[in-house]
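Undergrad: Got a structure here, written out as structure tokens. Questions coming.
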Amino acid sequence: MNSLGHKIPGVKECLDLMEQYQMLPNIKHHSIVVARVAEIIANGLIAAGHKLSMDRIIAGALLHDIGKTACLDNDDDHAAKGVEICLAHNLDPIADIVGEHVILTNYSPENNFAEKEIVYYADKRVNHDQVVSLAERLAYILERYGLNNIVRCQAIKSNYTLCQDLEKKMFSFLSFEPVDIPELLIAHQSTILNP
């Protein structure tokens, strides 16, 4: 906790917030798998010499969909709602991660990695609670959210092009490939509970 009272929540606090905001079981399971994928990638990048906060990554991944339940029956932006929830609980250090898990802003291939990029990518690799390729996730998102709207579908495809670029950059530093993540999840002793 810093002098302003802002903090990075631990796993237990994240799970408590999931309960408080009535996160549906399927969204909770998705969030836990996203956190585990993010943890594997972050561990690899840290081992390759990149400076990242594992606490921010885990908390941001666990809470990336904290606003989703409240937005299921309306057109509200669940990422923006998640930021509101984070700020209401003095979780400012993870608000940017939650706010940018759908659409990453200010991404530059030349910059060092940011925690929000790790969570953004991990979220794009998890469909429900299964790890899938970016192409499989894109197909699902287009079907579920594209709604045969050309403009919306183009925006989704553009977002995934950015994610593909991020994947190439990320895995150029990692000792494993994107296809290895499901196997690594099984072998990895996570600090996060299995869903």
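Undergrad: Pull out all pairs, ordered by first then second residue, where Cβ-Cβ is under 7 Å, the residues are six or more apart or on different chains, the first lies in the stretch 146-174 and is over 12 Å from ILE103 (Cα atoms) and touching a residue at least 60 places away in the same chain (Cβ under 8 Å), and the second is surrounded by 16 or more Cβ atoms within 10 Å (Cβ to Cβ) and charged (D, E, K, R).
TA: LEU166/GLU117
Undergrad: Among the numbered criteria (1) part of a loop (DSSP other than H, G, I, E, B); (2) modelled with pLDDT of 95 or more, which one does GLU39 miss?
TA: (1)
Undergrad: In this structure, does HIS30 turn out to be closer than 19 Å to ILE141 by Cβ and in contact with a Pro (Cβ under 9 Å, 6 or more places away or on another chain)?
TA: yes
Undergrad: If a residue has to be assigned to a helix (DSSP H, G or I) and under 18 Å from VAL119 (Cβ atoms) to count, how many in the stretch 1-36 make the cut?
TA: The qualifying residues number 16.
Undergrad: Taking the conditions exactly as written (touching a residue at least 60 places away in the same chain (Cβ under 8 Å) and part of a helix (DSSP H, G or I)), does LYS51 satisfy them or not?
TA: No.
Undergrad: Among the helices (runs of 4 or more DSSP H) confined wholly to the stretch 83-195, which include 1 or more residues that are surrounded by fewer than 20 Cβ atoms within 10 Å (Cβ to Cβ) and touching a helix residue (DSSP H, G or I) at 6+ places or on another chain (Cβ under 7 Å)?
TA: The helices (runs of 4 or more DSSP H) meeting that bar are 92-99, 134-141, 150-171, 181-187.
Undergrad: Here's something else I'd like to know. Looking only at the stretch 85-95, decide whether some residue is touching a Pro at 6+ places or on another chain (Cβ under 9 Å), touching a residue at least 40 places away in the same chain (Cβ under 8 Å) and either aromatic (Phe, Trp, Tyr) or under 27 Å from GLU183 (Cα atoms) (or both).
TA: No - not one qualifying residue is present in the stretch 85-95.
Undergrad: Now for a different question. Quick test of your reading of the structure: ALA79 fulfils all but one of (1) in a loop (DSSP other than H, G, I, E, B); (2) closer than 26 Å to LEU162 by Cβ; (3) without any contact (Cβ under 8 Å) to a residue 40 or more places away in the chain. Name the failing condition by number.
TA: (1)
The values are calculated or read from the model by the stated rules, or taken from the named source; none is laboratory data. Computed from a predicted structure; not experimentally measured. Positions of Cβ are generated from backbone atoms using ideal geometry, with glycine treated the same way; all protein chains shown enter the neighbour counts.
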